[in-house]
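Let me begin by presenting the structure, written as structure tokens, before commenting on it.
The values are calculated or read from the model by the stated rules, or taken from the named source; none is laboratory data. Predicted model, so just to flag it, every value in this text is computed and none were measured. Positions of Cβ are backbone-derived with ideal geometry, glycine not excepted, and every protein chain shown enters the neighbour counts. Heavy atoms of the whole protein, side chains included, go into the accessibility calculation; ligands, DNA and RNA do not. Shrake-Rupley method; radii C 1.70, N 1.55, O 1.52, S 1.80 Å.
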Amino acid sequence: MLLTKGFEVEMYTGTPQGDIVGLSDKIVAALNRFVREPDSRNVEYTTAPLCGYDRLLCELVQPRLLLRNYLKTLGDYMLIPGSCLSMGDTKVFYRSDPTNHYHNYIEQTYGTNVVTASVHINIGIPNPELLMRAYRLVRVEAPLFLALSASSPFLDGEVTGYHSTRWQMFPKTPKHVPLFASHKHFIDWTEAQLALGTMKNVRHLWSSVRPNGDRRPYDINRLELRICDLISSPISLLAITAFLEARLWQLLENPDLDPLISSKLSTSHLEEDLLELTDANEVAAARESLDAPLRHWQDGRTITARSWIEEIYQQVSPIAKKQGFHCFLSPLKKILREGNEAQQWLKLHSGGMDTRSIIRQGMQLMVEMEKELEDKLCGLLVA
């Protein structure tokens, strides 16, 4: 039996020219499974937790087709790739629900730095202590998933110098989040943050990865990886998810993969050293993604994100074969070979294509991918 997997996918809506237009209030009122974000220019849909990758693929594609058909009833609108306001406007916050006090706090505190689109990958792990162990490993390796998914090199029509402008500017909150040595540690820390006001509610934990559940921090049953930029290709998203699941199976088989057990960085200040290394790796991955020089959590050696991912891929490939999902993992090699979406866009830009044309091309590629997947794999038409 595979682990359950589910997604929260945030996407922008806008015109065929790539201008982002806020429509979430209308979308949420008309369609099930869609929820609004504080700014109306992006909207989120979720998938149910499922074990099988083939069913997950349909669950990713069908809501998009449904949304596209609905957008046509509103006018000439489409879905827009990327994780930042590539064509702007970052100066104005378009409130999706002016009466929501929490949204008011977000707008006043963070502004449009939070108006981003991303994908959150949720993996079911019912045992709280196993979940905390998985959290510790994925936390120190989260920069690798950012490197694979980076898709936000533009902001307000300009090249920013980052492959993931989203993660470079996103307000990680609270500023210091521990590795959590146990479930009790997580509970005590969360209660302390709420008392201090550094977290306004239990959802106000915006880190690269977090333990999650229906009544967190007390009842937790899944790991939520939050660092990934929006991954336009469902096949690529499933490959990254398969990479994560295979790594977690490796951890379940070998508990010594826990960074607090096997890291050789330090003996006296290990957690602090691991967090400092990981924070620096996140910054580097946001800037250069797969080409970023990172420091390995096991021994501190410098290694590029691409090489580190290739090392882990070789380790987990037999596990994916044994579990029967290697065919969904293997497209990861294409990302390593051809680059993530940000790298592909920047290559087009260095060849002379302007940012708007790149975004428009990306929009069309999304349409073509989704149609092909619907015809080949889902076998269901969205009316």
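Identify the single condition in (1) modelled with pLDDT under 95; (2) surrounded by fewer than 17 Cβ atoms within 10 Å (Cβ to Cβ); (3) within 19 Å of ILE231 (Cα to Cα) that THR46 does not satisfy, given that it satisfies every other one.
Of (1) modelled with pLDDT under 95; (2) surrounded by fewer than 17 Cβ atoms within 10 Å (Cβ to Cβ); (3) within 19 Å of ILE231 (Cα to Cα), only one is false for THR46: (1).
Among the candidates LEU252, LEU257, which residue alone is closer than 29 Å to PRO49 by Cβ and open to solvent by 60 Å² or more (accessible area, probe 1.4 Å)?
When all the criteria are applied, what remains is LEU252.
Tell me, which residue of segment 271-290 that is open to solvent by 70 Å² or more (accessible area, probe 1.4 Å) and without any contact (Cβ under 8 Å) to a residue 40 or more places away in the chain is nearest to PHE154 (Cα to Cα)?
The initial filter retains those residues of segment 271-290 that are open to solvent by 70 Å² or more (accessible area, probe 1.4 Å), namely 272, 276, 279, 283, 287-288.
Checking which are without any contact (Cβ under 8 Å) to a residue 40 or more places away in the chain leaves us with 272, 276, 279.
Details: GLU272: 33, GLU276: 28, ASP279: 23 Å.
The extreme case among them is ASP279.
Quick check: is even one residue across segment 104-118 in a strand (DSSP E or B) and either touching a strand residue (DSSP E or B) at 6+ places or on another chain (Cβ under 6 Å) or touching a residue at least 40 places away in the same chain (Cβ under 8 Å) (or both)? Let's see the steps before the verdict.
Our first condition is that a residue be in a strand (DSSP E or B); within segment 104-118, this holds for 118.
Still in the list and also either touching a strand residue (DSSP E or B) at 6+ places or on another chain (Cβ under 6 Å) or touching a residue at least 40 places away in the same chain (Cβ under 8 Å) (or both): 118.
Within segment 104-118 (the criterion being in a strand (DSSP E or B) and either touching a strand residue (DSSP E or B) at 6+ places or on another chain (Cβ under 6 Å) or touching a residue at least 40 places away in the same chain (Cβ under 8 Å) (or both)), the answer is yes, since at least one residue qualifies.
Within segment 342-364, can you find the residues that are under 21 Å from CYS58 (Cα atoms) and more than 20 Å from the chain's Cα centre (by Cα)?
GLN364, the sole residue that qualifies.
Please enumerate the residues belonging to segment 229-278 that are polar (S, T, N, Q) and not in a helix (DSSP H, G or I). Step through it out loud before you land on a result.
As a first pass, look at segment 229-278 and keep what is polar (S, T, N, Q): 232-233, 236, 241, 250, 254, 262-263, 266-268, 278.
SER232, SER233, ASN254, SER263, SER266, THR267, SER268 - these are the residues of segment 229-278 that are polar (S, T, N, Q) and not in a helix (DSSP H, G or I).
Of everything in segment 49-70, what is open to solvent by 50 Å² or more (accessible area, probe 1.4 Å) and within 30 Å of TRP249 (Cα to Cα)? Give them in sequence order.
If we filter segment 49-70 for residues that are open to solvent by 50 Å² or more (accessible area, probe 1.4 Å), which is where we start, we get 49, 54-55, 66, 69.
Answer for segment 49-70, where residues must be open to solvent by 50 Å² or more (accessible area, probe 1.4 Å) and within 30 Å of TRP249 (Cα to Cα): PRO49, ASP54, ARG55.
Can you find a residue in segment 202-213 that is outside any loop (DSSP other than H, G, I, E, B), out of contact with any strand residue (DSSP E or B) (no Cβ under 7 Å at 6 or more places or on another chain) and aliphatic (A, V, I, L, M)? Quick ask: steps written out before the conclusion?
Residues of segment 202-213 that are outside any loop (DSSP other than H, G, I, E, B), as a first pass: 206, 209-212.
Subsequent filtering for residues that are out of contact with any strand residue (DSSP E or B) (no Cβ under 7 Å at 6 or more places or on another chain) retains none.
No.
Which of the residues spanning segment 167-198 are surrounded by fewer than 14 Cβ atoms within 10 Å (Cβ to Cβ) and either of a type in the set (Val, Ile, Thr) or not in a loop (DSSP other than H, G, I, E, B) (or both)?
Matches in segment 167-198: LYS184, ASP188, ALA192, ALA195, LEU196.
When both residues are 6+ apart or on different chains and their Cβ atoms are under 6 Å apart, which pairs have a first residue that lies in segment 242-267 and is under 22 Å from ASN122 (Cβ atoms), and a second that is among the charged types (D, E, K, R) and open to solvent by 10 Å² or more (accessible area, probe 1.4 Å)?
ASP258/ARG133; ASP258/ARG136; PRO259/ARG136
Please go through segment 199-213 and give me each residue that is in contact (Cβ under 8 Å) with a residue 24 or more places away in the chain, farther than 19 Å from LEU3 by Cβ and open to solvent by less than 60 Å² (accessible area, probe 1.4 Å), ordered by number.
First pass over segment 199-213, keeping only residues in contact (Cβ under 8 Å) with a residue 24 or more places away in the chain: 199-201, 204-212.
Then keep just the ones that are farther than 19 Å from LEU3 by Cβ; that gives 199-201, 204-208.
MET199, ASN201, HIS204, LEU205, TRP206, SER207, SER208, listed by residue number.
What's the total number of residues in segment 214-246 that are small (Gly, Ala, Ser) and open to solvent by less than 10 Å² (accessible area, probe 1.4 Å)?
Selection size over segment 214-246: 4.
Pairs, please: C-beta under 6 Å, at least 6 apart or cross-chain, first residue on the phi < 0 side of the Ramachandran plot and in segment 294-320, second surrounded by fewer than 16 Cβ atoms within 10 Å (Cβ to Cβ) and among the charged types (D, E, K, R)?
Every condition considered, the pairs that remain are ASP299/LYS264.
Taking only segment 107-120 into account, find how many residues are touching a helix residue (DSSP H, G or I) at 6+ places or on another chain (Cβ under 6 Å) and over 20 Å from LEU79 (Cα atoms).
The number of residues fulfilling the criteria is 1.
Give me the residue from segment 365-382 that is under 24 Å from the mean Cα position of the chain (by Cα) and among the acidic types (Asp, Glu) and, out of that set, modelled with the highest pLDDT.
Once the filter is applied, the top-ranked residue is GLU368.
Restricting to segment 119-160, name every residue that is among the hydroxyl-bearing types (Ser, Thr, Tyr) and either open to solvent by 10 Å² or more (accessible area, probe 1.4 Å) or in a helix (DSSP H, G or I) (or both). Steps first, answer last, please.
Going through segment 119-160, the residues among the hydroxyl-bearing types (Ser, Thr, Tyr) turn out to be 135, 149, 151-152, 160.
Hits for segment 119-160 are TYR135, SER149, THR160.
Return the residues of segment 18-64 that are assigned to a helix (DSSP H, G or I), basic (Lys, Arg) and more than 25 Å from LEU244 (Cβ to Cβ); say none if nothing qualifies. Outline the logic, then answer.
We begin by selecting, within segment 18-64, every residue assigned to a helix (DSSP H, G or I); these are 24-30, 53-64.
Next cut, basic (Lys, Arg) only: 26, 55, 64.
Within segment 18-64, LYS26 is the sole residue that qualifies.
For segment 88-114, what are the residues that are crowded, with 17+ Cβ neighbours inside 10 Å and of a type in the set (A, V, I, L, M, F, W, C)?
Within segment 88-114, PHE93, ILE106, VAL114 qualify.
Name the one entry in ARG68, ARG55, ARG33 that is basic (Lys, Arg) and in contact with a Phe, Trp or Tyr (Cβ under 8 Å, 6 or more places away or on another chain).
None of the others qualify; the one that does is ARG33.
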